[in-house]
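The values are calculated or read from the model by the stated rules, or taken from the named source; none is laboratory data. As the structure is a computational prediction, the values presented were derived from the model and not from experiment. Positions of Cβ are generated from backbone atoms using ideal geometry, with glycine treated the same way; all protein chains shown enter the neighbour counts.
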Amino acid sequence: MSETQSEMGMTGIRIGAGAGFAGDRIEPAVELIEKGELDYLCFECLAERTIALAQLARQHDPGAGYDPRLEKRMRAVLGPAMAKGVRIISNMGAANPLAAMQAALGVARDMGLTGIRMAAVLGDDVLSVISGQDHTLIDRTGTLAQLAPISANAYLGAFPIARALAQGAQVIFTGRVCDPALFLGPMIHAFGWGEQDWTLLARGTAVGHLLECAGQLTGGYFADPGFKDVPGLARLGFPLAEVSPDGHAVLTKVAGSGGRLSLASAREQAMYEILDPARYLQADVVADFTTLRLTEIGPDRIAVSGARGLPRPETLKVSVGYRDGFIGEGQITYAGPGAVARGQLALDIVRERIAMLGLPVEEVRYDLIGVNSAHVGAYHGDPAEVRARVAARAQDAATAAEIGAEVEALYLNGPSGGGGVTTSLREVVAVASILIGRDVVQPSIVHEVS
């Protein structure tokens with residue numbers, strides 16, 4: 001059913017989840033376009049820390065800062081989506097929605113797809129707004145003044161997306177928005193919901209929240225052999241929602257696709273990353289999920305209803321990215337009889353070397369992967385192989401790099417039989433959160449046609 005059909009009197013729209021994270025598979029999104037009879041396809045690709053890393057990339061290259069797999073996804077989905085009238089919405093814009101739109105336009109032109117109206121939703125980048133200000137951090141002790149921010153992105157809501165759709169956009173790229181807003185925007189547009197329709201907005205938010213992690217709803221991450229068996233994970237099908245104008249919906253997936261959409265998987269996703277089910281704070285509404293009802297009405301069909309809404313917060317959450325030193329790491333494997341003892345000796349040697357050299361490192365970890373790295377309790381019997389890992393944080397790259405060097409030196413200066421050394425060095429981009437008044441954030445929309 002197309003959106004045009006729904007506007008002519010047929011109720012409801014169909015919204016698909018094309019991705020649940022930046023590295024997600026692409027084939028399930030194509031399958032949704034081809035077989036899901038969609039009106040909209042949403043790609044949720046932006047984690048908390050991802051946008052700070054994207055801002056770092058943009059500092060090195062002004063044309064960068066969007067999802068690195070954007071072009072690949074667009075080459076796969078643009079043609080079939082435009083042919084079937086499916087409108088695409090994604091936060092793949094990350095730190096640079098304008099560049100994301102330009103990249104997608106380039107893909108469209110390369111493919112000979114002309115006349116596609118694309119839009120970039122701007123306004124989430126508030127680094128200049130908070131510059132020189134101090135704010136209390138909401139996820140730890142301390143204040144903004146103690147950090148050196150490289151990025152600051154406010155969580156926008158769904159109404160700018162709805163406006164872009166009303167202006168004719170067929171493909172929309174955003175930066176930081178609330179994850180459910182990607183799905184809520186089409187509902188606002190299609191059904192004419194207002195900014196104070198709290199219950200409708202809460203119901204739409206519930207549907208968006210259930211869809212936002214894509215394959216996680218249909219059995220990915222949920223699977224646990226012998227306890228929660230899920231068939232066909234190698235070709236897991238992503239979910240879609242049949243949404244009614246009253247905000248109630250039915251979740252399902254393409255017939256014959258892998259995975260399973262069950263009451264259990266839906267319940268797990270409903271509670272995923274929910275701090276307080278009675279007050280799920282979003283830019284557009286405070287959603288109360290304590291009244292949410294999930295009902296299995298058939299194979300791979302879950303009805304969603306009952307969420308309640310309260311007035312939206314007066315503030316918006318802002319993710320602040322900042323540099324937080326470097327992490328150096330080294331790993332080495334020991335196998336066969338005495339593997340655990342030799343691995344432990346390797347760790348002890350590196351521990352002593354760090355002390356001898358006086359390396360100014362912080363938060364040092366000494367792990368035997370397969371024995372104690374996950375801290376899940378005592379193990380019984382030695383495994384046939386272990387991987388010794390040492391990782392530490394330092395304020396400068398040279399110091400952090402010494403961690404990997406000391407592990408590599410174990411080849412000829414440690415226990416017998418060590419092999420497969422890997423070393424790594426990475427800059428740490430950490431994220432903290434603050435709240436700012438919503439009145440200082442001014443979203444805007446830029447359009448261009450392929």
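Here are some notes:
- Test: residue in region 95-106 that is over 16 Å from Val446 (Cβ atoms) and buried (at least 17 other Cβ atoms within 10 Å of the Cβ): no
- Against the test of being within 27 Å of Gln102 (Cβ to Cβ), aliphatic (A, V, I, L, M) and surrounded by fewer than 16 Cβ atoms within 10 Å (Cβ to Cβ), the options Ala120, Ala162, Ala148, Ala166 yield a single qualifying residue, Ala166.
- Within region 237-254, being in contact with a Gly (Cβ under 7 Å, 6 or more places away or on another chain) and under 12 Å from Ala29 (Cβ atoms) holds for Gly237, Phe238, Leu240, Val254.
- Verdict on Gly226 being assigned to a loop (DSSP other than H, G, I, E, B), free of Cβ contacts under 8 Å to residues at least 24 places away in the same chain and at positive phi: yes
- When the residues of region 66-76 are filtered to those that are touching a helix residue (DSSP H, G or I) at 6+ places or on another chain (Cβ under 8 Å) and either among the aromatic types (Phe, Trp, Tyr) or surrounded by fewer than 23 Cβ atoms within 10 Å (Cβ to Cβ) (or both), the one that is farthest from Arg14 (Cα to Cα) is Tyr66.
- Every residue from region 229-259 that is assigned to a loop (DSSP other than H, G, I, E, B) and in contact with a strand residue (DSSP E or B) (Cβ under 6 Å, 6 or more places away or on another chain): Gly232, Gly237, Phe238, His248, Gly259
- Close Cβ contacts (under 7 Å, 6 or more residues apart or on different chains) running from residues in region 187-208 that are farther than 17 Å from Leu38 by Cβ and in contact (Cβ under 8 Å) with a residue 40 or more places away in the chain to residues that are of a type in the set (Gly, Ala, Ser) and not in a loop (DSSP other than H, G, I, E, B) comprise Trp198/Gly309; Thr199/Gly309; Leu201/Gly309; Ala202/Ala287; Ala202/Gly309; Thr205/Ala287; Ala206/Ala287.
- Residue list for region 310-321, filter: part of a strand (DSSP E or B) and not charged (D, E, K, R): Leu310, Thr315, Leu316, Val318, Ser319, Val320, Gly321
- Number of the exception - Asp324 against (1) under 30 Å from Gly123 (Cα atoms); (2) part of a strand (DSSP E or B); (3) in contact with a Gly (Cβ under 7 Å, 6 or more places away or on another chain): (3)
- Scanning region 257-302 for residues that are in contact with an Asp or Glu (Cβ under 8 Å, 6 or more places away or on another chain) and either closer than 27 Å to Phe159 by Cβ or crowded, with 17+ Cβ neighbours inside 10 Å (or both) returns Ser257, Arg260, Leu261, Ser262, Pro277, Ala278, Arg279, Tyr280, Asp284, Ile302.
- Filtered residue count, region 345-376, keeping only those that are part of a strand (DSSP E or B), under 15 Å from Pro415 (Cβ atoms) and at pLDDT 95 or above: 1
- Residue within region 51-65 that is touching a residue at least 12 places away in the same chain (Cβ under 8 Å), touching a helix residue (DSSP H, G or I) at 6+ places or on another chain (Cβ under 7 Å) and crowded, with 16+ Cβ neighbours inside 10 Å present: yes
- In region 40-66, residue farthest from Gln102 (Cα to Cα) [restricted to those that are among the acidic types (Asp, Glu) and within 11 Å of the chain's Cα centre (by Cα)]: Glu48
- Restricting attention to region 13-50 and to residues that are out of contact with any Cys (no Cβ under 9 Å at 6 or more places or on another chain), crowded, with 19+ Cβ neighbours inside 10 Å and over 19 Å from Pro80 (Cα atoms), the residue that is modelled with the highest pLDDT turns out to be Cys45.
- Scanning region 328-344 for residues that are in a strand (DSSP E or B) and buried (at least 21 other Cβ atoms within 10 Å of the Cβ) yields a count of 4.
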